[in-house]
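Working notes, structure below.
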Amino acid sequence: MVTIQQAAQNAAEFARSVLGGEAVSDVRLEEVESDLYQGREVWLITLSLPEEPTGRNVLSMPRPRVFKRFVVAKESGEVLAMKIRELANAE
């Protein structure tokens, strides 16, 4: 069984390999949950990344963050899914 630390590391590595770009240089761990996914025990790992820059972003201001939830199998550490994590009070 993989530890929370290993699951978070696997999720971050998956994000870097799939998403690429500047955003993955500042990955932050936000949430960890234990759950079942398609009958398998998993870790739900939420990471935040800076939003991709747009023409309206000012360089001196911090960029808003986007949240991604990764489903990581506890048994193997395999990342099974990546989803957008919507925040309840996002405005």
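The values are calculated or read from the model by the stated rules, or taken from the named source; none is laboratory data. What you see is a predicted model, and the numbers here were worked out from it, not measured in a lab. Neighbour counts run over all protein chains shown; Cβ positions are idealised from the backbone, glycine included.
Here are the numbers:
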item	result
Qualifying residue in the range 26-34 (condition: more than 14 Å from Phe70 (Cα to Cα) and part of a helix (DSSP H, G or I))	yes
Any hit, the range 31-40, residues being β-branched (Val, Ile, Thr) and either modelled with pLDDT under 90 or touching a Gly at 6+ places or on another chain (Cβ under 6 Å) (or both)	no
Residues that are free of Cβ contacts under 8 Å to residues at least 24 places away in the same chain and surrounded by 18 or more Cβ atoms within 10 Å (Cβ to Cβ), drawn from the range 16-47	Val27
Selection from the range 1-15 of residues that are surrounded by fewer than 17 Cβ atoms within 10 Å (Cβ to Cβ) and either free of Cβ contacts under 8 Å to residues at least 60 places away in the same chain or not in a helix (DSSP H, G or I) (or both)	Met1, Thr3, Ile4, Gln5, Gln9, Glu13
Residue satisfying all of: in the range 72-85; part of a strand (DSSP E or B) and within 9 Å of the chain's Cα centre (by Cα); surrounded by the fewest Cβ atoms within 10 Å (Cβ to Cβ) among these	Ile84
